[in-house]
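K.L.:
Submitted below is the structure of interest, expressed as structure tokens.
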Amino acid sequence: MASSPSFPLLLFLSPLILLTVHPLHTPPLSPDNPHFRSPPPSCGPGQSWAVRLHARLDDEGHDLDELAHLVAEDAGLENRGQIGQLAGHYLLCQGADEGQRGTGAGKALAAHRYVAWHSQELILSRSKRSVAFNDPKYPKQWHLHNELRAGMDINVTGVWERNITGAGVTVVVVDDGVQHTLADIQPNYSPEGSYDLNSNDPDPMPHPDARSDNHHGTRCAGEIAAVSNNSFCAVGVAYGSKVAGIRVLDGPLTDSMEAVAFNKHYQVNDVYSCSWGPDDDGRTVDGPHPLGKAALQHGVIAGRRGFGSIFVVASGNGGQYNDNCNYDGYANSIYTVTIGAVDENGRMPFYAEECASMLAVTFSSGGRSLRSIVTSDWSLQEGTGCTDAHTGTSAAAPLAAGMIALMLQVRPCLTWRDVQHIIAYTATQYTDARADWETNGAGFHHSHQHGFGLLNAWRLVNAAKVWDSVPFLVSYQSPVLREERQILAYPANLVLSWNVTAADLKQSGMKTLEHVSMTMTMAHPRRGTVEIVLLCPSGMSSLIGARRALDPDASGYMDWTFSTVRCWGERAEGQYTLQITDHREPSLSLGTLNHWKLTLYGSSMSFQEVKERQRLVVEAMGGQYLNSNFSLPCPPGLDIAPEKVNPLTSNSLKSLLLLGCFALFWSLYYTLEVALAHLDLRELWRGRRGRAQDGFQAVRLEEGPEMELQLQQQQRVADTVAKAPLITADSAT
């Protein structure tokens, strides 16, 4: 029997029938879709009512939408539909021509049996959670918020929004003085942390000078702690912190003065900002002398109740002279935070120096077409109280000091080494064609131009919040390696090495590195032609002694210490190699390496612990710890003996001497006046009369009888005066 043709036809038509009855996909909910339910439009101000209906049907079986329509009609309002996803909540509005019925609508809703709750809506006042300042120059502070070049700022506004402004922290500017009477400085000024070492008195007010350039310290102070929302000039990075001043650069500077400055009020001051150093001329090799070195070491041991003073130094402005901050003993010290500069494009400016001891960089001025730093300025001489022309690494170091103040607010017990570690862990690498970025054996990236990278306030503060203090600093020092070997001319080189074994490190317990230093003595007819490279066991290279074309000095180096941070976090054990090359002219004789020694600084933190800290820092960058009540306990610190303060300075002694001399002369004058006032004038008069009578007799004897009558008349007058009562100074009037 032949099959019916209707069955294949049915198979063919069934998908079409299914598509007609039930589409393959739900059409999008759009205003053109009849199933689309738009959110209720807003009503005019004061014309909307929010109601919540009883979550039950009435006796007639109405659903909630129908009930809302009935309630609106009874109250003389319009039903605008359900409020969001809140079931049973409806928005009711009164018409534009029904402005007088608001009171009646409220009464109707209050009495309605279907209304469980109602409220007439008010206009709410809400502001965006972003910082806003009325300081007129704040919009020009691109280093704080760069609207033209996204990402080219210190990323601080998110920290401010969480009320982290440096509160409870004091930063002292060691410089040429701070004008603390300035409107941007005075509210945040700390007289307790200030001093004037040039004039030897407690007031660090800058003195006017012939060139009108003693504004340097005031500008740096403004970068750090300029007051916000005072309608004056600009805003500081840590505008909630205190700022002090130590005036020391406006006059002859000695080693002892420098030592006093580094430890002055070191239980009050937390961070020392030093935007100065030796001459940046491409030929100077200098740094702190013995007392200054001792003061830096003492500061990190005893400052801040034992957590250590934090010394921030500028890397130097000798880039145009091919200078290098490894020849600057302040930037080369393990006790300092060495900060370099980049312009607003993130590039190394023409003046910036590079070195292996550079910890990080932050923003400052660039070429003529790029913007400089806007900050407070002195108002003396030619100053106006505000400037947009602060430049150089002098402007970069205070920004770093301000960011460190933000870190210390969230974690006051950070040690001086914790701060260095957090910078190494959080500084950001970025593209710069001139930068020689390399990643070391511990995963840290570093370049001689930018250190570990660009400082980022958000990353620094978030890392500080979760940071556990690193173990104590330990060190290893090799014996003095006496070589007396010639330094070979390029392309040959002198290669020396020293192997550090596990047994060498056992006593100290060192496992991972922080700073690596090499101290050498070298004789050379022109030291600027010598290049020195240090290799760590991982193979990470550091150019610790760069060539300097302008350095013709024939004295070589005498126990000069070069240092590097490029091996940070790596294992300390292994072979360290020194490569020395002389790029001399053929006419010059070869130099000689007399002796050298290697010094390692690090801790007992294992390599695995370094990697775990890196993971923890990355995890904390979301800000979740700043947004919570999370807090690590802080130890109380050491009980440091109070600073010995001599209340009598040389200036106060001079004042007291002048006051004493004035008091002495006044006393003599007063004594003489009183003595004269009490003198017996009657006795004085009788004495004068006796002398007069003798004189008269003498005249009488000489002149003869013709004067007799005149003398008798004078005698009668004298007797009359003598009998009259005498009124003295003590008599009542």
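No value in this document is a laboratory result; all are computed from the given coordinates. What you see is a predicted model; the values in this text were computed from it and never measured. Glycine gets a Cβ as well: all are built from the backbone with ideal geometry, and neighbour counts include every protein chain shown.
K.L.:
State which entries of K242/K293; K465/K597; K264/K611; K137/K264; K264/K506 exceed 31 angstrom in Cα-Cα distance in the structure shown.
P.N.:
The answer is K465/K597; K264/K611; K137/K264; K264/K506.
K.L.:
Work from the charge dipole of the stretch 166-416 (Cβ charges, +1 for Lys and Arg, -1 for Asp and Glu, about the Cα centre) and give the residue of H265, M348, P278 farthest towards its positive end.
P.N.:
The one lying farthest along the dipole's positive direction is H265.
K.L.:
Given a Förster distance of 25 Å, report the FRET efficiency between V495 and S538 from their Cβ-Cβ distance, rounded to the nearest 0.05.
P.N.:
In this case the efficiency is close to 0.90.
K.L.:
Also, quick follow-up: Roughly how many Å is it from the Cα centre of the stretch 299-316 to that of the stretch 362-433, as a whole number?
P.N.:
17
K.L.:
Another question, if that's okay. Taking the simple approach of a point 7 Å from Cα along Cα-to-Cβ for both C634 and S212, what is their distance in nm?
P.N.:
For the pair C634/S212, the computed spacing is 4.3 nm.
K.L.:
Each residue of the stretch 368-384 in turn: what ³J(HN,Hα) in whole Hz from Karplus with 6.51, -1.76, 1.60 and θ = phi - 60°, glycine and Pro shown as x?
P.N.:
Result, ordered by residue: 4, 7, 9, 7, 9, 8, 8, 7, 5, 8, 6, 10, 8, 6, 8, x, 10 Hz.
K.L.:
Set the Förster distance to 30 Å, then compute FRET efficiency between S369 and L253 from the Cβ-Cβ distance, nearest 0.05.
P.N.:
0.25
K.L.:
Using θ = phi - 60° and the Karplus relation 6.51 cos²θ - 1.76 cosθ + 1.60, list the HN-Hα couplings for the stretch 201-217 in order, rounded to whole Hz, with x at every Gly or Pro.
P.N.:
Couplings: 8, x, 9, x, 4, x, 9, x, 9, 5, 9, 6, 10, 8, 9, 4, x Hz.
K.L.:
Taking H as built 1.01 Å from N, whose amide H comes closer than 5 Å to the amide H of Y195, not counting residues under 5 places away?
P.N.:
G245, I246, R247
K.L.:
Using the Karplus equation 6.51 cos²θ - 1.76 cosθ + 1.60 (θ = phi - 60°), what ³J(HN,Hα) coupling, rounded to whole Hz, does each residue of the stretch 73-78 give in order, writing x for Gly and Pro?
P.N.:
Once θ is set to phi - 60°, the couplings for the stretch 73-78 become 5, 5, 8, x, 10, 10 Hz.
K.L.:
Once amide H atoms are placed 1.01 Å from N in the peptide plane, what residues at a sequence separation of 5 or more from C386, or on another chain, have their amide H within under 5 Å of its amide H?
P.N.:
Close amide H contacts, sequence-distant or interchain: D377.
K.L.:
Sticking with this structure for a sec: To two decimal places, what compactness ratio does the stretch 475-603 give when its Cα radius of gyration is scaled by 2.2 N^0.38 Å?
P.N.:
Scaled against compact globular proteins, the figure is 1.07.
K.L.:
Here is a further query. What FRET efficiency, computed as 1/(1 + (r/R0)^6) with R0 = 56 Å and r the Cβ-Cβ distance, is obtained for H298 and E121, rounded to the nearest 0.05?
P.N.:
0.30
K.L.:
On to the next question. With the Cα gyration tensor of the stretch 166-416 in hand, give its eigenvalues times 5 under a square root as the equivalent ellipsoid semi-axes, listed largest first in whole angstrom.
P.N.:
Its equivalent ellipsoid spans semi-axes of 23, 22, 18 Å.
K.L.:
Now for a separate question. What are the residues whose amide H is under 5 Å from the amide H of E354, where those residues sit 5 or more places off or on another chain and H is modelled from the backbone?
P.N.:
Here the answer is C325, since their amide H atoms fall under 5 Å of that of E354.
K.L.:
Now for a separate question. Return the aspartates and glutamates within reach of K107: Cα separation strictly under 14 angstrom, same-chain partners fewer than 8 residues apart disregarded; answer none if there are no such residues.
P.N.:
Excluding near neighbours in sequence, the set is E73, D74.
K.L.:
Highest first, please rank the peptides 659-670, 267-278 by the mean number of other Cβ atoms sitting within 10 Å of their residues.
P.N.:
Highest to lowest by the protection proxy: 267-278, 659-670.
K.L.:
A further question on this structure: What are the trypsin sites (Lys or Arg not before Pro) within the stretch 559-649 that DSSP puts in a loop, where the Cβ has at most 10 other Cβ atoms within 10 Å?
P.N.:
Answer in residue order: K644.
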